[in-house]
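Please treat every number below as a calculation from the coordinates, not as lab data. Since the model is a prediction, treat every value here as computed from it, not as a measurement. Cβ sites come from the backbone with ideal geometry, for glycine too, and all protein chains shown count toward neighbours.
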Amino acid sequence: MAVCPVVSRLTWRAKYLLLLVLCACVIAWITSHTDGRVKTPEQVPTSDEAQIQKARKETQMEVEMEMEQQEEVDEERKPKDLCPEKSQLLRGSVSLAFEPSLTLGQVEEENRGVAEGQYKPDECRARQSVAVLIPHRNREKHLLYLLHHLHPFLQRQQLHYAIYIIHQAGDAMFNRAKLLNIGYLEALKDFSWDCFIFHDIDLVPENDHNLYTCEQQPKHLVVGRNSTGYKLRYKGYFGGVTAMTREQFSKVNGFPNTYWGWGGEDDDLRIRVQLQGMKIVRPPADVARYTMVFHQRDNGNEVNKDRMRLLGRTPQMWRKDGLNSCSYKTLSVERPALYVNITADIGTPTNAH
Ligand SMILES: *[C@@H]1O[C@H](CO)[C@@H](O)[C@H](O)[C@H]1NC(C)=O
Ligand SMILES: *[C@@H]1O[C@H](CO)[C@@H](O)[C@H](O)[C@H]1NC(C)=O
């Protein structure tokens, strides 16, 4: 029995140890199991889940990129500030060159911002949209000189503008006024222009402070030209280059269609304007200056000997003869880089209004 107390003591210690070991095991098992349940899916993702997560991340990136792009587009769409009332680009009186060797290609090269005759400033929102209408037949060199000077001139004025050439088809007597009515009607099919400039092809502006914009009243821009010693041709002269808003021109029913050959139609327009109670305004003489490119009177544009009689009838005729009676056939509309070329059959003095 001498061993017995030792054994019993040992057994007691073993029991204790066993209990401790058991407790440790239970704690270890619980810990490993709870941990396992939470951690397994995250630590070892199955391949499907990995793909879904990858896809989610990519979508997120795409959305962010789209949002960035949208912000850039919004930046572009954000309305630009209105151009200043007085453009900083104006240079005043510029010396004009009329190089016989000038080509259309050169003028196109100098005006890369113009497409299909039209231009809009990049830097700001133009105050007016202006259509410049130029009646034309057989004056290619004058047209080239005018385009050469007029495009940069209008760009310095920060205008949204387009240049329209209205080309009279055939050899019948020239009719400037009717071509201008056609230009007005056709240009409005492209855009709702605020302002129209009725422009002779042989007059080149010398000073860019002579603004090609419209005012509350019809504006006459040619106070002087080199061929008249820079004096107004006569009191009440309203020819060469004039500016009228869409509304002003429509109010007077446009030009008469019945003036064939040279002269009278500009006086008729003045009478129409006066009959509507409007008053002609002019810029100061020192800026409203033009150079008239030399030419001989064209065949087919002889002086209209009937013009005084026609002018006497204007108060009775203006409602019937004008935009509302302008009949013509558009033969073609071409859009090269620097102008829109409208070719029209306008009839002859005997078969047309
Ligand atoms: C006006 O200037 C143009 C261009 O220099 C010239 O061709 C024309 O002969 C001048 N006219 C007069 C009357 O001086
Ligand atoms: C305008 O178009 C007509 C018809 O195609 C053409 O004969 C004429 O030369 C053109 N004029 C200009 C200035 O481009």
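If the only charges are +1 at each Lys and Arg Cβ and -1 at each Asp and Glu Cβ, what is the size of the charge dipole of region 109-345 around the Cα centre, to the nearest 20 debye?
With only Lys, Arg, Asp and Glu charged at Cβ, the dipole is about 860 debye.
Using only the alpha carbon atoms of region 109-345, find the Kirkwood hydrodynamic radius as the inverse mean reciprocal pair distance, in angstroms to one decimal. Could you put the intermediate results ahead of the total?
On the way: mean 1/r = 0.0559 Å⁻¹.
Computed over Cα pairs of region 109-345, the Kirkwood hydrodynamic radius comes out at 17.9 Å.
I'd like the per residue volume of the convex hull spanned by the Cα atoms of region 187-228, given in cubic angstrom.
Details: hull volume 4.2 nm³, N = 42.
With only Cα atoms used, region 187-228 gives 101 Å³ per residue.
For residue 80, go through the lysines and keep the ones whose alpha-carbon is under 23 Å away, minus same-chain ones fewer than eight residues off.
Cα-Cα hits under 23 Å: 120.
What is the gain in length, in nm to one decimal, between residue 285 and residue 302 on full extension, counting 0.36 nm per residue of separation less the C-alpha to C-alpha distance?
Difference between extended and current length: 3.1 nm.
Report the full-extension gain for the segment residue 226 to residue 122: residue separation times 0.36 nm, less the Cα-Cα distance, to one decimal in nm.
Contour length minus the Cα-Cα distance gives 34.0 nm.
Beyond a 22 Å Cα-Cα separation, which of these cross-linked pairs lie in this structure: 279/305; 235/279; 178/305; 279/329? Mind dumping the intermediate values first?
Details: 279/305 28 Å; 235/279 14 Å; 178/305 18 Å; 279/329 34 Å.
Over 22 Å Cα-Cα: 279/305; 279/329.
Please give the net charge around residue 103, taking every other residue with its beta carbon less than 12 angstrom from that of residue 103, where Lys and Arg add +1 and Asp and Glu add -1.
Local net charge: -4.
What FRET efficiency, computed as 1/(1 + (r/R0)^6) with R0 = 25 Å and r the Cβ-Cβ distance, is obtained for residue 233 and residue 138, rounded to the nearest 0.05?
The value I calculate is 0.55.
How much FRET efficiency would the formula 1/(1 + (r/R0)^6) give for residue 309 and residue 101, where r is the Cβ-Cβ distance and R0 is 45 Å, rounded to 0.05? The partial results should precede the final answer.
Numbers: r = 46 Å, r/R0 = 1.02.
Once the sixth-power term is evaluated, E becomes 0.45.
What is the antiparallel percent of DSSP beta bridges lying wholly in region 109-345, to the nearest 5?
Approximately 45 percent, going by the DSSP bridge assignments.
For a quick check: sort 303, 293, 222, 204 by the number of other beta carbons within 10 angstrom, fewest at the front.
With the sparsest Cβ surroundings first, the list reads 303, 293, 204, 222.
For region 208-345, with the dipole built from +1 on Lys and Arg beta-carbon atoms and -1 on Asp and Glu ones, taken about the Cα centre, which of 238, 301, 278 lies farthest toward the positive end?
Result: 278, furthest along the dipole toward the positive end.
Determine, at each q value in 0.15, 0.22 (inverse angstroms), the log₁₀ of I(q)/I(0) that the Debye formula gives when each Cα of region 121-221 is one equal point scatterer.
-0.62, -1.29
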